[in-house]
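Trainee: I have a structure here, written as structure tokens, and I will follow up with some questions on it.
The values are calculated or read from the model by the stated rules, or taken from the named source; none is laboratory data. Remember, predicted model here, so these are calculated numbers, not experimental data. A quick note on method: Cβ atoms are made from the backbone with ideal geometry, for glycine too, and the neighbour counts reach across all protein chains shown.
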């Protein structure tokens, strides 16, 4: 860990860890600017030890500011000047509240995304690759509705098997948007888990600079591409996460389902480096590499 002595008037300013995509996680502290340098005064947390940190914004593409944190006006101006993104997120990336682009940056990823989406054949090819990630091979079908039907059948069986493995009752996937808490515990758990995974996907899409409205499978939503990416993790992450906590909730009526799921999701996201993996997947799908942007 590098030391910056004296520059901030500190005995030792430790630099927080930056991941391979240029994302830096900060929580439970204050982000300020002093003498043209970002400074983060942190209380002890799972992500950081307590102390005063110099933040190397020159090598950072996006700061993920977690719970219990504040940011000063001077820090925002410094980030904007250097084109560094800032997002307010939930612990571990289970929520994303804002991610404004704070300055000019490369449009290479957005242009690559737009080109693939605008070409009908290329758009279908990307969709087929997304299904290949799920099935382990490229399916021969070239009708998107057929592919959606095959995926629907796979997920129906995935739910059944997961419920059986966790020993919980399962009556099928049911969700009423007008009354989300009216669903049974397993379905409520899936709804919450899906929201958290979608937030992680939104962080990944934003960090890369892709275009959230331009989905290859989802079409109508303003975050269609985010939903595309989140769905790649539905069978391997969303469903096991949901059912493991649903089992605990069924055994303990006092358990707060959403809170328990949020904490478990944050732990798994960190342990499995879910957001970093999503960023890799987005780049692979859009045929871009690290030369396009600092991520």
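Residues checked against (1) assigned by TED's automatic domain parsing to the domain that holds residue 287; (2) in contact (Cβ under 8 Å) with a residue 24 or more places away in the chain; (3) in contact with a helix residue (DSSP H, G or I) (Cβ under 9 Å, 6 or more places away or on another chain):
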{"residue": "38", "(1), (2), (3)": "no, yes, yes"}
{"residue": "44", "(1), (2), (3)": "no, no, no"}
{"residue": "52", "(1), (2), (3)": "no, yes, no"}
{"residue": "56", "(1), (2), (3)": "no, yes, no"}
{"residue": "59", "(1), (2), (3)": "no, yes, no"}
{"residue": "62", "(1), (2), (3)": "no, yes, yes"}
{"residue": "65", "(1), (2), (3)": "no, yes, no"}
{"residue": "123", "(1), (2), (3)": "yes, yes, yes"}
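Trainee: Report yes if residue 138 is in a loop (DSSP other than H, G, I, E, B), in contact with a helix residue (DSSP H, G or I) (Cβ under 7 Å, 6 or more places away or on another chain) and touching a residue at least 60 places away in the same chain (Cβ under 8 Å), otherwise no.
Mentor: Here the answer is no, as residue 138 does not meet what is asked.
Trainee: Just name the residue that is surrounded by the fewest Cβ atoms within 10 Å (Cβ to Cβ) out of those in region 219-246 that are under 17 Å from residue 123 (Cβ atoms) and either touching a strand residue (DSSP E or B) at 6+ places or on another chain (Cβ under 9 Å) or free of Cβ contacts under 8 Å to residues at least 12 places away in the same chain (or both).
Mentor: Filtering region 219-246 for residues that are under 17 Å from residue 123 (Cβ atoms) and either touching a strand residue (DSSP E or B) at 6+ places or on another chain (Cβ under 9 Å) or free of Cβ contacts under 8 Å to residues at least 12 places away in the same chain (or both), the one surrounded by the fewest Cβ atoms within 10 Å (Cβ to Cβ) comes out as 220.
Trainee: Pick from 259, 270: which is under 23 Å from residue 61 (Cβ atoms) and either part of a helix (DSSP H, G or I) or modelled with pLDDT of 95 or more (or both)?
Mentor: 270
Trainee: Going by the conditions given, is residue 261 over 12 Å from the mean Cα position of the chain (by Cα) and more than 26 Å from residue 45 (Cβ to Cβ)?
Mentor: no
Trainee: From (1) in contact with a helix residue (DSSP H, G or I) (Cβ under 9 Å, 6 or more places away or on another chain); (2) in contact (Cβ under 8 Å) with a residue 12 or more places away in the chain; (3) more than 21 Å from residue 91 (Cβ to Cβ), pick out the condition that doesn't hold for residue 265.
Mentor: (3)
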